[in-house]
Amino acid sequence: MTNSLTDLRRDVEDFLYSEAKMLDEQRYDEWLDLFTEDVHYWMPITETREVRQHRDHVPGEWSLMKEDARFLAKRMERLAGGLAHSEQPRSRTRRFISNVLVTPGPDGDLVAECNFIIFQSRRANSEQFFVGSRRDRIVTSGESWKIAERTVLLDHRVLPRAISIFF
């Protein structure tokens, strides 16, 4: 591994850690700026598959989230305006990002894969963890990076309640 690849991975890790902090601090406007205008944010459902069945998720499958920049902005607007009733009162979250792998993608973009654990706490007695992995396609936008695609794969087969947070 060359020094430049190590530096690149470290820079991408810092980018992902900063993103997690933005979400934990509910700085949603800043977070939304991390995405391209044509972003594809996708969370397919988790299916239990037989050993010999293919594990990749195919676009068009059922999904828990399938959003673009406009839809993400609408969700932000609902959160900021108090219209997201599932987030009244707002959740307290803590995101842990690990096992970051970075590879060059087509057209000079980057593919960043990582694992995550998100702790969510609401009210006095509602706590849960979300565990899974993410695959991001990151593109250069001037002097900064933007997320052009995000695929979130939850390890959960059954969710305890509706998803009201971002991954």
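The values are calculated or read from the model by the stated rules, or taken from the named source; none is laboratory data. Small disclaimer: the values here were computed from a predicted structure and weren't measured. Cβ sites come from the backbone with ideal geometry, for glycine too, and all protein chains shown count toward neighbours. Note: accessible area is taken over every heavy atom of the protein model, side chains too, but ligands, DNA and RNA are not part of it. Shrake-Rupley method; radii C 1.70, N 1.55, O 1.52, S 1.80 Å.
Within the stretch 109-126, can you find the residues that are exposed (fewer than 13 other Cβ atoms within 10 Å of the Cβ) and either charged (D, E, K, R) or within 17 Å of ILE45 (Cα to Cα) (or both)? Break it down stepwise before answering.
Filtering the stretch 109-126 for residues exposed (fewer than 13 other Cβ atoms within 10 Å of the Cβ) gives 123-126.
The one that is exposed (fewer than 13 other Cβ atoms within 10 Å of the Cβ) and either charged (D, E, K, R) or within 17 Å of ILE45 (Cα to Cα) (or both): ARG123.
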For residues that are assigned to a helix (DSSP H, G or I) and among the β-branched types (Val, Ile, Thr), scanning just the stretch 1-39, find the one that is nearest to MET76 (Cα to Cα).
VAL12
Out of (1) open to solvent by less than 60 Å² (accessible area, probe 1.4 Å); (2) modelled with pLDDT of 90 or more, the one HIS57 does not meet is (2)
Residue check, PRO106 against (1) open to solvent by less than 30 Å² (accessible area, probe 1.4 Å); (2) at pLDDT below 85; (3) under 22 Å from ARG9 (Cβ atoms), all met but one. Which one?
(1)
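Would you mind stating whether GLU19 is surrounded by 14 or more Cβ atoms within 10 Å (Cβ to Cβ) and either within 14 Å of ILE118 (Cβ to Cβ) or among the polar types (S, T, N, Q) (or both)? Show your work before the answer.
Numbers: surrounded by 14 or more Cβ atoms within 10 Å (Cβ to Cβ): yes; either within 14 Å of ILE118 (Cβ to Cβ) or among the polar types (S, T, N, Q) (or both): yes.
When the stated conditions are applied, GLU19 passes them.
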